[in-house]
């Protein structure tokens, strides 16, 4: 009985937050509910998983390979609805392409790679869902107030995902937890299907909440709003502690550090030299980690072993798989290969390379990996200019970019249907972010206001 009372209390709490945000962070149009529903699905678990009464790693693994008719129909319906919503808005496709050419080259290559996949139809279905991310993001960016739309979507997602994760873990363990077969230990997944996915949405949610809290002075919200965001942030931190995802904790720390450093005039003035500083930090890190004693001390500090919890064995095993090194196996086709399940079974039901860059190489080869890196560099350069112009939203997107880049060192988040890839694409497309018919980007008080005509749409 207590579990249903807890669920009811959670529903009432979430509903109250939604009602409060009608004025604080309004949904700028009815069409904005489409990307919100999309984010809720990719940021939790898909429809077919919600209909299950417990989290079964075997079932999740099989479903990821075969697909679910229910999930296919739900995602297709959202994509069609999103396309119709976007059809009535004027988008300057020429400028959109010119500002994001590497992103579109990457997507074009991924679409072409479906041709040489051994499983073209499943690959095409996955690619269609990936295009759905772009449709949803363009709906957000073509709202009359896109900055408000970004806040509205992420705030409402967090209101649901974070409290519900707490309730599922504590009161519905068959949904909020699962048993790892290799060690027979209980792991926490909350509203997602595994602990790593939960860790990723917690890191993203935590950074968004901190960014929102830092903006209280500018927005002038009430004290109750400050308390509520602090409460949600406390839930995020508590969940990260029990989930025990070192990668997600580091990502959260990186994102918060970027947000805090951006508030310091001295550091903000050094943004123009960010590329040089990044190169120095990377070189110094490689140099220090060439000493085994330093490497072992670092991994002991973060509570992990030098094999990245067995990931190095996974990477070695995957690199031995025969693929075309230039073009790979085709979009999202590597894990569909016959016999791969049996060969990888010793790694406990994995369906990803636990490294996003390796995952792209396996599916898209060196060409796909090269386009991905070119896209990252392009987005990095674009967002750096936004940070130099003191755009608060560009700083958030820059934090997302760095977090996603680091996250993919030990998890596979590129070109996968999840919140990690969604925020990366949002950061890539979302700057310069227009406000009201290509007017100025939201900026900090005293900052430079950046004009943009990247997206043109009806008011």
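The values are calculated or read from the model by the stated rules, or taken from the named source; none is laboratory data. If you're wondering where the values come from, they're calculated on a predicted model, not measured in any experiment. Backbone-built Cβ (ideal geometry, glycine too); neighbour counts: all protein chains shown.
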Item to complete: Determine if the stretch 350-363 includes at least one residue that is over 30 Å from residue 258 (Cα atoms), in a helix (DSSP H, G or I) and modelled with pLDDT of 90 or more.
Response: yes
Discussion item. Taking the conditions exactly as written (surrounded by fewer than 18 Cβ atoms within 10 Å (Cβ to Cβ), under 13 Å from residue 135 (Cα atoms) and modelled with pLDDT of 85 or more), does residue 108 satisfy them or not?
Written reply: no
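Kindly indicate the residue of the stretch 21-32 that is assigned to a helix (DSSP H, G or I) and touching a residue at least 60 places away in the same chain (Cβ under 8 Å) and also farthest from residue 151 (Cα to Cα) among those meeting that condition.
Taking the stretch 21-32 first, the residues assigned to a helix (DSSP H, G or I) are 21-24, 30-32.
Then drop every residue that is not touching a residue at least 60 places away in the same chain (Cβ under 8 Å), which leaves 21, 24, 31-32.
Working: 21: 10, 24: 10, 31: 15, 32: 11 Å.
Top of the filtered list is 31.
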Discussion item. Tell me yes or no: at least one residue of the stretch 379-387 is surrounded by 19 or more Cβ atoms within 10 Å (Cβ to Cβ), modelled with pLDDT of 80 or more and closer than 30 Å to residue 121 by Cβ.
Written reply: no
Practice prompt. Just give me the residues in the stretch 396-416 being modelled with pLDDT of 90 or more and assigned to a loop (DSSP other than H, G, I, E, B), in sequence order.
Written response: 408, 414
Practice prompt. Residue by residue through the stretch 404-414, note down the ones that are crowded, with 24+ Cβ neighbours inside 10 Å and either over 21 Å from residue 41 (Cα atoms) or more than 10 Å from the chain's Cα centre (by Cα) (or both).
Written response: 408, 411, 412
Worksheet item: What number of residues in the stretch 196-216 are at pLDDT below 85 and buried (at least 24 other Cβ atoms within 10 Å of the Cβ)?
Response: 0
Fill in: Condition broken by residue 55, with the remaining ones in (1) in contact with a helix residue (DSSP H, G or I) (Cβ under 7 Å, 6 or more places away or on another chain); (2) part of a helix (DSSP H, G or I); (3) surrounded by 18 or more Cβ atoms within 10 Å (Cβ to Cβ); (4) modelled with pLDDT under 85 satisfied
(2)
Worksheet entry | All positions within the stretch 135-188 that are surrounded by fewer than 21 Cβ atoms within 10 Å (Cβ to Cβ) and assigned to a loop (DSSP other than H, G, I, E, B) | 144, 145, 172, 181, 182, 183, 184
Worksheet item: Applying the selection to the stretch 72-117, what residues are in contact (Cβ under 8 Å) with a residue 40 or more places away in the chain, in a helix (DSSP H, G or I) and closer than 16 Å to residue 360 by Cβ?
Response: 102, 103, 105, 106, 109, 110, 111, 113
Item to complete: For residue 91, indicate whether it is surrounded by 15 or more Cβ atoms within 10 Å (Cβ to Cβ) and at pLDDT below 85.
Response: yes
Practice prompt. Take the stretch 177-195 and flag every residue that is out of contact with any strand residue (DSSP E or B) (no Cβ under 8 Å at 6 or more places or on another chain) and modelled with pLDDT under 85.
Written response: 181, 182, 183, 184
Worksheet item: Could we say that residue 7 is at pLDDT below 85 and assigned to a helix (DSSP H, G or I) here?
Response: no
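Do we find that residue 98 is out of contact with any strand residue (DSSP E or B) (no Cβ under 8 Å at 6 or more places or on another chain), surrounded by fewer than 18 Cβ atoms within 10 Å (Cβ to Cβ), under 18 Å from residue 132 (Cβ atoms) and modelled with pLDDT of 75 or more in this structure? First the steps, then the outcome.
Values: out of contact with any strand residue (DSSP E or B) (no Cβ under 8 Å at 6 or more places or on another chain): yes; surrounded by fewer than 18 Cβ atoms within 10 Å (Cβ to Cβ): yes; under 18 Å from residue 132 (Cβ atoms): no; modelled with pLDDT of 75 or more: yes.
So residue 98 does not fit the description; no.
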Response to the item:
Filter the stretch 58-77 for residues that are surrounded by fewer than 18 Cβ atoms within 10 Å (Cβ to Cβ) and in contact with a helix residue (DSSP H, G or I) (Cβ under 7 Å, 6 or more places away or on another chain); the one that is modelled with the lowest pLDDT is 65
Worksheet item: So which pairs qualify, if the first residue must be in the stretch 361-385 and closer than 16 Å to residue 326 by Cα, the second must be part of a helix (DSSP H, G or I) and modelled with pLDDT under 90, the Cβ gap must be under 6 Å, and the two must be at least 6 apart or on different chains?
Response: 362/334; 363/334
